[in-house]
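> One structure, as structure tokens, below. Some questions next.
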């Protein structure tokens, strides 16, 4: 009976849907599905993603009814953190390996990547931590304590190894540090120490072959026939789209399989080749609209928790988008980071829609506030 009472308490709110936000995400998902369907052939990418989309939408509407006050409780967040950390540890023994990373639990044709859920949980934990310490947030110890929360999943994911997800975890922590009001001088000191330590390792510890590997990873285009092959083919695909693109289903880099992982890591490249610069402008505009709606909801949050959570979700989506685009045009290392709402994969799509659903649920208690007051509270001025 207590379990049913808890479930009833969690799903006690009526939905208050932000249709502008939902419509923009639908459009991005549609672009992804169209791109996948154009090249599927005998594979099931399109069909599986359509099923994942249906599940994600259902989860979104359920999340809009969640009583998010439950997510402010320390016991709930700690329990979820221990559970997700345990799942990440279990992966080392039972996880499915794909693309060199032991990151998935696989059942039949479907797989789940726990780190996606951990990213959302980290946003909730950091929002709770910073919202409770708003007055004293400039203290140096809050960088350390919040860093420990991020360091645990960061290391567990890095050991899989999944550098892309580890990078996103770092960026989520760093982004929420910036908007929470933590002293920028203290943050700069942390990075200075880190940079000094890396410099010492580079000069005194790393062997020449290790330095070469790091250099190639950071700048993959320097080895176009080796580790930089995928990035090189991606830049060709993006550039060949020109203004209006080659047309849906007529992208030669994708159709002829020069472009690897066109449905996941390099779906932006396949999309740009087919839709051209005009399509890219539309896609960027949709993401700007999504971020604008997220921040609009966040800025009228009932408490610091809702505001920081919304900021964290915005950082989460921006980080994925910027890292993936940078990767596909050869400016950043190839790390396997998906485009939010667009790339193939049920795990990230599910978590992204749940994150938005929780944000929409928080909108119910939104408060009217003066813009200057919001700015001071949000940035810790």
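The values are calculated or read from the model by the stated rules, or taken from the named source; none is laboratory data. Just so you know, these numbers come straight off a predicted model, no measurement behind them. Because the Cβ atoms are built from the backbone with ideal geometry, glycine has one as well, and the counts that use them run over all protein chains shown.
> Select from the range 326-357 the residues that are on the phi > 0 side of the Ramachandran plot and out of contact with any strand residue (DSSP E or B) (no Cβ under 9 Å at 6 or more places or on another chain) and list them in ascending order. Quick ask: steps written out before the conclusion?
Going residue by residue through the range 326-357, those that are on the phi > 0 side of the Ramachandran plot are 330, 336, 341, 345.
Result: 330, 341.
> Tally the residues that are exposed (fewer than 13 other Cβ atoms within 10 Å of the Cβ) and at pLDDT below 80, restricting the search to the range 1-39.
The total comes to 11.
> For the range 232-337, list the helices (runs of 4 or more DSSP H) that sit wholly inside it and hold at least 3 residues that are free of Cβ contacts under 8 Å to residues at least 40 places away in the same chain and more than 24 Å from residue 116 (Cβ to Cβ); which are they? Walk me through how you get there before you give the answer.
Working: elements: 252-255, 267-299, 304-328.
Where helices (runs of 4 or more DSSP H) fall fully within the range 232-337 and carry at least 3 residues being free of Cβ contacts under 8 Å to residues at least 40 places away in the same chain and more than 24 Å from residue 116 (Cβ to Cβ), they are 267-299.
> So, in the range 54-71, of the ones that are touching a helix residue (DSSP H, G or I) at 6+ places or on another chain (Cβ under 6 Å) and part of a helix (DSSP H, G or I), which residue ends up nearest to residue 127 (Cα to Cα)?
The residue in question is 71.
> From the set of residues in the range 73-113 that are touching a helix residue (DSSP H, G or I) at 6+ places or on another chain (Cβ under 6 Å) and over 18 Å from residue 150 (Cα atoms), which is modelled with the highest pLDDT?
Restricting to residues being touching a helix residue (DSSP H, G or I) at 6+ places or on another chain (Cβ under 6 Å) and over 18 Å from residue 150 (Cα atoms), the top hit is 112.
> A follow-up question, please. Please go through (1) surrounded by fewer than 22 Cβ atoms within 10 Å (Cβ to Cβ); (2) touching a helix residue (DSSP H, G or I) at 6+ places or on another chain (Cβ under 8 Å) for residue 288 and return the number of the only condition it doesn't satisfy.
The one condition residue 288 does not meet is (2).
> Of everything in the range 155-173 that's under 16 Å from the mean Cα position of the chain (by Cα) and free of Cβ contacts under 8 Å to residues at least 40 places away in the same chain, which residue is nearest to residue 336 (Cα to Cα)?
Residue satisfying both the conditions and the ranking: 166.
> Given the options 339, 323, 281, name the one that is more than 18 Å from residue 71 (Cβ to Cβ) and either at pLDDT below 85 or surrounded by fewer than 21 Cβ atoms within 10 Å (Cβ to Cβ) (or both).
281
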